[in-house]
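Scroll down for the structure; my scribbles are underneath it.
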Amino acid sequence: MPERVMFTMGDIACAEGALSAGCRYFGGYPITPATEIAEWMARRMPEVGGAYVQYEDEIASITSVIGASWTGAKAMTATSGPGVSLMLEAIGLAVMTETPLVIVNIMRGGPSTGQPTRGQQGDVMQAKWGSHGDYQIIALTPASVQEMFDQTVRAFNLAERFRTPVFILADETVGHMRERLVIPDEHDLKIEYRKLPKVPPEEYLPFKADDDLVPPMALLGSEYQFYATGLTHDERGYPSDKENVQIELITRLNNKILHNADKIIELEEFMLDDADIAVVSYGTPSRSAKRAIKDARNEGIKVGMLRLKTVWPFPEKAIADLASRVKHIIVPEQNMGQIYHLVKEHALTTPVHLMAKPAGMPQYPQEIVQKIHEVSS
Amino acid sequence: MQKYIRTDRLPWIYCPGCSIGIATQMVAHAIEDLGLDFHKVVIISGIGCSGRTSGYFKTGTYHTTHGRAIAFAEGVKIANPELEVIVISGDGDLAAIGGNHLIHACRRNIDITVVCINNLNYGMTGGQFGPTTEHERYSQTSPPPFGNVEHPFNLVQLAASSGATFVARWTAVQARRATKSIAKGIKKKGFSFIEIVGACPTAYGRMNRLGDGLAMHKHLLEVADIQNGLPPHEAEFDYERRIVCGEFVNIEKPEYTEVLRQMHLKAHGQ
Ligand SMILES: Cc1ncc(C[n+]2csc(CCOP(=O)(O)OP(=O)(O)O)c2C)c(N)n1
Ligand SMILES: [Mg+2]
């Protein structure tokens with residue numbers, strides 16, 4: 001399809017991004033503020049020959065997405081905090097069986113039912129630590145309608161390349177705001193596909209990784225036979241309770257993300273070159289921060305922003321590097337402080353100041369300006 | 001059976017006298033009898049002793065989380081309707097933790113075949129009562145003198161009233177008949193549910209003094225009452241006296257992936 005321009009909301013941009021990336025299976029269960037993704041998919045999937053399936057709950061939704069992915073389909077689900085809480089066990093299964101898929105979490109106020117129609121950033125740690133066991137996840141944090149599209153395309157590419165579940169972690173404000181969206185000509189989009197096995201079926205070892213730590217993936221219904229299980233398994237895919245098998249598998253699953261962190265992480269630097277003070281932010285608060293930085297710059301204060309477009313794997317090196325360049329770091333988050341703790345860990349001796357706000361409105365620009373005054377004086 | 005079973009994984013993990021190996025062979029024979037292209041057959045199970053079944057088949061197989069085999073199977077079937085999708089799992093997996101997925105898959109009428117190995121308890125975790133354990137029976141969590149305070153599901157009635165288009169029940173000793181029903185279920189364009197009543201001598205049998213595997217299978221043969229075509233609500237299940245076996249539902253209804261295909265054609269003005 002040629003380039004299209006729309007004026008639309010983040011949720012719909014996300015759905016369009018998924019379709020452009022080749023997503024042809026959506027399994028979901030309605031929930032505010034992610035419902036518009038499901039509704040858009042219900043209309044669009046039949047047009048593109050894909051399936052919108054509404055399940056009885058989020059557990060079925062994500063598990064069906066895993067199933068669809070194993071047939072070779074690009075598949076996704078979209079939900080909010082309560083739904084992610086239900087999906088957590090299956091997310092571990094997707095990690096363990098190295099299943100490419102995309103989970104969209106349009107974050108709302110929590111805990112529990114919280115404030116369904118108000119945004120928050122309360123699920124950042126859940127995305128990383130929610131399922132049991134020791135694993136890595138990829139999570140992208142869009143801050144605009146255009147980024148909802150772009151990062152969803154990227155989420156599918158990363159999921160395919162690394163055979164892993166990838167989160168879109170957007171807050172309600174980004175999900176529901178309306179802005180201009182440019183959907184590029186399909187030939188201008190870079191679309192990636194998982195590696196398929198090249199060896200003859202008799203030689204195929206389903207969980208033997210290549211040098212990039214990612215094993216080629218056989219599909220259900222192909223001439224390759226395999227057993228994929230959430231149990232700890234060896235290269236043949238067979239369950240094992242041996243210690244060395246557990247250590248090797250868990251180490252590889254972690255390293256395939258961590259060793260590729262530089263390829264995964266995307267950041268935006270805003271007015272940082274000469275900055276003494278840096279704001280580290282993601283999602284909606286970063287939009288307030290941009291305004292605040294411009295205002296503070298007008299007063300002659302040297303302040304800039306490192307905007308995280310990826311929160312998992314965490315950009316440790318970038319934070320350490322930033323900390324060596326600035327005198328203060330300010331972290332406005334729509335939660336009680338989640339990414340803040342990681343920034344603090346990697347900023348070493350540079351003071352890190354949290355602006356916590358566990359509510360639907362982000363920090364106002366003037367509040368951030370005030371904080372900038374506080375730390376610069 | 002070498003064509004179908006991963007012989008490099010044998011012997012099974014199952015205890016002596018367990019019915020799960022028998023049920024596994026029934027499914028393999030049904031596939032053989034139908035002459036299916038085995039590459040196009042997908043076998044999925046959940047967690048439990050019965051949930052280990054998928055790992056023994058030499059095709060594309062997947063071992064999901066506890067209770068979610070049907071949800072996974074739906075994703076597979078909808079994303080690629082060409083595949084023959086079979087779920088084999090336990091009574092606890094399919095009717096307790098996965099019960100919601102079972103009834104909704106029946107309601108949707110997706111063309112998958114579910115073989116439920118009902119050994120009347122949670123075998124793998126050591127024999128606790130579950131959704132099929134009869135009232136007052138003993139288990140690790142319903143010990144003497146009271147036994148189980150709850151009452152069981154009748155799985156045939158559950159599947160039938162939820163909308164399954166093919167429903168059958170056999171015991172593990174009726175291998176030929178059960179294999180035929182599994183084959184029919186696979187061929188059926190719609191949701192098929194086949195219950196295989198089996199023995200768990202190690203846990204359920206021991207706690208309820210039902211004898212060893214041989215004695216339990218003999219008992220199953222004695223109490224099995226074949227009543228093909230009986231209305232499902234009359235398919236009685238009383239372990240001591242009478243387990244009604246047979247095919248109880250075989251009806252035609254629009255199948256989910258077929259309806260989806262029609263929808264696609266409509267969307268493109270055909
Ligand atoms: C979420 C979750 N809860 C509990 C368990 C523990 N568990 C493993 S198998 C099982 C019961 C299986 O019973 P059934 O499906 O009847 O299979 P059987 O072992 O009797 O063949 C349970 C409770 C688990 N693996 N996952
Ligand atoms: Mg059982």
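The values are calculated or read from the model by the stated rules, or taken from the named source; none is laboratory data. Just so we're clear, the structure is a prediction, and the values are computed from it rather than from any experiment. Methodologically, a virtual Cβ is constructed for each residue, glycine included, from the backbone with ideal geometry; neighbour enumeration extends over all protein chains shown.
Key figures
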{"quantity": "Single residue of the stretch B:20-42 satisfying the filter (over 12 Å from the mean Cα position of the chain (by Cα) and under 11 Å from B:Val87 (Cα atoms)) that is surrounded by the fewest Cβ atoms within 10 Å (Cβ to Cβ)", "calculated": "B:Val41"}
{"quantity": "In the stretch A:24-71, residue farthest from the chain's Cα centre (by Cα) [restricted to those that are in a helix (DSSP H, G or I) and acidic (Asp, Glu)]", "calculated": "A:Glu47"}
{"quantity": "Any hit, the stretch B:162-181, residues being within 16 Å of ligand 2 (Cβ to nearest atom), more than 30 Å from B:Ile78 (Cα to Cα) and part of a loop (DSSP other than H, G, I, E, B)", "calculated": "yes"}
{"quantity": "Test result for A:Arg108, surrounded by 24 or more Cβ atoms within 10 Å (Cβ to Cβ) and either outside any helix (DSSP H, G or I) or without any contact (Cβ under 8 Å) to a residue 60 or more places away in the chain (or both)", "calculated": "yes"}
{"quantity": "Filter result for the condition that a residue is within 18 Å of B:Ile22 (Cα to Cα) and modelled with pLDDT of 95 or more, over B:Leu214, B:Leu210", "calculated": "B:Leu214"}
{"quantity": "From A:Thr32, A:Thr63, residue being facing another protein chain (nearest Cβ under 10 Å), touching an Asp or Glu at 6+ places or on another chain (Cβ under 9 Å) and hydroxyl-bearing (Ser, Thr, Tyr)", "calculated": "A:Thr63"}
{"quantity": "Matching option when the condition is assigned to a loop (DSSP other than H, G, I, E, B), within 14 Å of another protein chain (Cβ to nearest Cβ) and charged (D, E, K, R), among A:Glu89, A:Glu98", "calculated": "A:Glu98"}
{"quantity": "Condition check for A:Gly17: in a helix (DSSP H, G or I), closer than 26 Å to A:Lys190 by Cα and not acidic (Asp, Glu)", "calculated": "yes"}
{"quantity": "Residue check for B:Glu74: more than 16 Å from ligand 2 (Cβ to nearest atom) and surrounded by fewer than 20 Cβ atoms within 10 Å (Cβ to Cβ)", "calculated": "no"}
{"quantity": "Matching option when the condition is more than 14 Å from chain B (Cβ to nearest Cβ) and within 18 Å of the chain's Cα centre (by Cα), among A:Lys309, A:Lys242", "calculated": "A:Lys309"}
{"quantity": "Of residues in the stretch B:111-152 being hydrophobic (A, V, I, L, M, F, W, C) and buried (at least 24 other Cβ atoms within 10 Å of the Cβ), the one farthest from B:Gly213 (Cα to Cα)", "calculated": "B:Ile112"}
{"quantity": "Residues located in the stretch B:130-161, provided they are within 29 Å of B:Ser192 (Cα to Cα), within 16 Å of ligand 2 (Cβ to nearest atom) and of a type in the set (S, T, N, Q)", "calculated": "B:Thr132, B:Thr133, B:Asn154"}
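Let's see how each residue does on (1) more than 16 Å from ligand 2 (Cβ to nearest atom); (2) touching a helix residue (DSSP H, G or I) at 6+ places or on another chain (Cβ under 7 Å); (3) of a type outside the set (Asp, Glu); (4) more than 14 Å from chain A (Cβ to nearest Cβ):
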{"position": "B:Gly90", "(1), (2), (3), (4)": "no, yes, yes, yes"}
{"position": "B:Ala95", "(1), (2), (3), (4)": "no, yes, yes, yes"}
{"position": "B:Gly99", "(1), (2), (3), (4)": "no, no, yes, no"}
{"position": "B:Leu120", "(1), (2), (3), (4)": "no, yes, yes, yes"}
{"position": "B:Gln128", "(1), (2), (3), (4)": "no, no, yes, yes"}
